[in-house]
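All remarks here apply to the structure that follows.
The values are calculated or read from the model by the stated rules, or taken from the named source; none is laboratory data. Everything numeric in this text was worked out from a predicted model, so none of it was measured. Backbone-built Cβ (ideal geometry, glycine too); neighbour counts: all protein chains shown. These accessible areas exclude ligands, DNA and RNA; they are computed on the full protein's heavy atoms, side chains included. Shrake-Rupley method; radii C 1.70, N 1.55, O 1.52, S 1.80 Å.
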Amino acid sequence: QVQLVESGGGLVQAGGSLRLSCAGSGIIFSIRAMGWYRQAPGKQRELVAGITGGVITDYADSVKGRFTISRDNAKNMLYLQMNNLKPEDTAVYYCNTRPADYFWGQGTQVTVSS
């Protein structure tokens, strides 16, 4: 059974930073493209960052230059470093494969105050 557990969210002021983590079990991260997604209140879930089984990354235009996705295949971990956070980044953040093949975890709440 695949389980994805996100952590690292919190309340931060605009301009601040957070580092999100995703721990996976029942899935071998190294052979899958992975992604960080977010869902803001009243909006659809969107992909904000993706990474291939290797190191090729891509980002939504709204976070490009501010967010960095990375992975530690040996630990089956996925990370999202978020810098220069903006109020519009407020959302629940989730990890999943890309495309999203598995049930969503509970996510981690990121709240950015102005």
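Along the Cα-to-Cβ line of residue 70, 7 Å from the Cα, sits a label point; which residues in the range 2-41 have backbone N less than 12 Å from it?
19-20
How much length is gained on full extension from residue 83 to residue 30, taking 0.36 nm per residue of separation minus their Cα-Cα distance?
Result for the pair: 16.5 nm of gain on full extension.
Can you give me the % of accessible surface on the chain that is carbon or sulfur? Probe 1.4 Å, all protein chains present, nothing else counted.
Here carbon and sulfur together make up 51 percent of the probe-accessible area.
How much FRET efficiency would the formula 1/(1 + (r/R0)^6) give for residue 61 and residue 19, where r is the Cβ-Cβ distance and R0 is 22 Å, rounded to 0.05?
According to the calculation, E is roughly 0.50.
What is the distance in Å between the Cα centres of the range 73-111 and the range 1-53?
2
Under 13 Å from the Cβ of residue 43, count the other residues' Cβ atoms, weight Lys and Arg +1, Asp and Glu -1, and hand me the total.
Residues near residue 43 contribute -1 overall.
What figure, in Å² to the nearest 10, do you get for the accessible area of residue 11 with a 1.4 Å probe and non-protein molecules left out?
My reading of the accessible area for residue 11 is about 130 Å².
Report Rg (one decimal) and Dmax (nearest whole number) for the chain, counting Cα atoms only, units Å.
13.0, 40
Please give the length that would be gained between residue 102 and residue 52 if that part of the chain were fully extended, namely 0.36 nm times their separation in residues minus their C-alpha to C-alpha distance (nm, one decimal).
In short, 16.3 nm is gained.
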